[in-house]
Amino acid sequence: MTLLAVEKLDCRYGLLQAVRGVSFEVGQGETVALIGANGAGKTTLLRAIAGAHRPHGGRVLMDGADINSMPAHRRVSRGIALVPEGRRLFGGLTVMENLRVAASRRPGRWSVDSVLEVFPMLQPRRRALAANLSGGEQQAVAIGRALMSNPRLLLLDEVSLGLAPVVVDAVYRSLSGIIGEGATVVLVEQDLTRALEVAGRVICLLEGRVVLEGRAASLDRDRVVSAYFGLKRPA
């Protein structure tokens, strides 16, 4: 069943067109990785889906309903949650407070206790201020905060950005558990290895356009790398 549909989406910043006619669908329970070099339009695309950037053209549909005119807070209540690049936590609030501020009335399995269970690294840091956390701990809180809204669609922007490999391993172990429970995830990731490991399907953007799309297990890595860097048009 299709949960999210993006149809011919165009996004601009003034005269700069960041996303150009992008179309794709995400099924219930699917994990899709959006890959591409810096400036490919990945973050803008996620922000448009979440309602943080108004598209210049095209449509975003959730359960078949056009949500283009729906503000971001209503999209959250509809079941869309974004983990933004850079985490953007409330630095003066504790871990527990950052989680609780995002709690919603949407039914689901996610609560403070279940988030701490999935991210055990946060257990001893429950009362620590977010500003005093390590990068990996902050990323765990950011993902946990999004989960507190019990989303139907989880949008993750640059999960591994700026983190040490051992920390990325820990975050992805927790993320794999979330995905294993049937979450629907759209993931922006520059680490090709991570993206191909965790996603069922991969979409590669180049200069705002989709240049490659397919099942992660069936895509040749050389072809993915070529599309990623724009070395050649995939057949």
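The values are calculated or read from the model by the stated rules, or taken from the named source; none is laboratory data. Note that the coordinates shown come from a computational prediction; the quantities given were computed from them, not determined experimentally. Using ideal geometry, Cβ is built from the backbone for each residue, glycine included, and neighbour counts are taken over all protein chains shown. Ligands, DNA and RNA are excluded from the accessible area calculation, which covers all protein heavy atoms including side chains. Shrake-Rupley method; radii C 1.70, N 1.55, O 1.52, S 1.80 Å.
What nm distance separates the two modelled labels at Ser111 and Glu181, each placed 7 Å from Cα along Cα→Cβ?
1.2 nm
So which DSSP H runs in the chain come out at 20 Å plus along the axis (Cα) with average Kyte-Doolittle of at least 1.0?
For the chain, where a helix must reach 20 Å along its axis and average at least 1.0, the hits are 165-180.
Which is the longest part of the chain that has none of the GluC sites (Glu not before Pro) sitting in a DSSP loop with at most 16 other Cβ atoms within 10 Å?
Between exposed loop sites, the widest span is 1-180.
With springs only between Cα atoms under 10 Å, which of Thr44, Thr31, Thr193 fluctuates most in a Gaussian network model of the chain?
Of the options given, Thr193 has the highest mean-square fluctuation.
Which residue fluctuates the most in the chain, going by a Gaussian network model with Cα springs under 10 Å, if the choices are Val188, Val101, Val32?
So, out of Val188, Val101, Val32, the one fluctuating most is Val101.
Not counting the cut sites, what is the longest span of the chain without trypsin sites (Lys or Arg not before Pro) that DSSP labels loop and that have at most 13 other Cβ atoms within 10 Å?
Here the longest run is 128-231.
Considering only the other residues whose Cβ falls under 9 Å of the Cβ of Ala130, what net charge follows from Lys and Arg at +1 and Asp and Glu at -1? Show your work: numbers first, answer last.
Numbers: positive: Arg87; negative: Glu97, Glu137.
Local charge sum for Ala130: -1.
Lys and Arg at +1, Asp and Glu at -1: add these up for the other residues within a Cβ distance under 14 Å of Arg87 and post the number.
-2
Of all the accessible heavy-atom surface of the chain, with the other protein chains kept in place and a 1.4 Å probe, what percent is carbon and sulfur? Kindly include the intermediate steps, with their values, before the conclusion.
Working: 5400 of 10760 Å².
Of all accessible area on the chain, carbon and sulfur atoms account for 50 percent.
Consider all pairwise Cα distances in the stretch 1-150 and report the whole-number % of them above 26 Å.
In whole percent, the share of Cα-Cα pairs in the stretch 1-150 beyond 26 Å is 33.
Could you give the spread of the C-alpha atoms of the stretch 1-76 along their three principal axes, from largest to smallest, in whole angstroms?
Answer, in whole Å and largest first: 35, 26, 20 Å.
Which value, in Å² and to the nearest 10, is the accessible area of Val211 when all protein chains are kept and the probe is 1.4 Å?
Number for this one is 20 Å².
Report the local net charge at Val26: Lys and Arg +1, Asp and Glu -1, summed over other residues whose C-beta lies under 15 Å from its C-beta. Each step should come with its number before you reach the end.
Values: positive: Lys42, Arg59, Arg75, Arg78, Arg152, Arg201, Arg215; negative: Glu7, Glu25, Glu30, Asp63, Glu213.
Local charge sum for Val26: +2.
Taking 2.2 N^0.38 Å as the expected size of a compact globular protein, what ratio does the Cα radius of gyration of the stretch 61-133 give against it, to two decimals?
Compared with the compact-globule rule of thumb, the stretch 61-133 sits at 1.30.
Just to confirm, what accessible area per residue do you get for the chain at 1.4 Å probe, in whole Å²?
Spelled out: the 1.4 Å probe surface of the chain, per residue, equals 46 Å².
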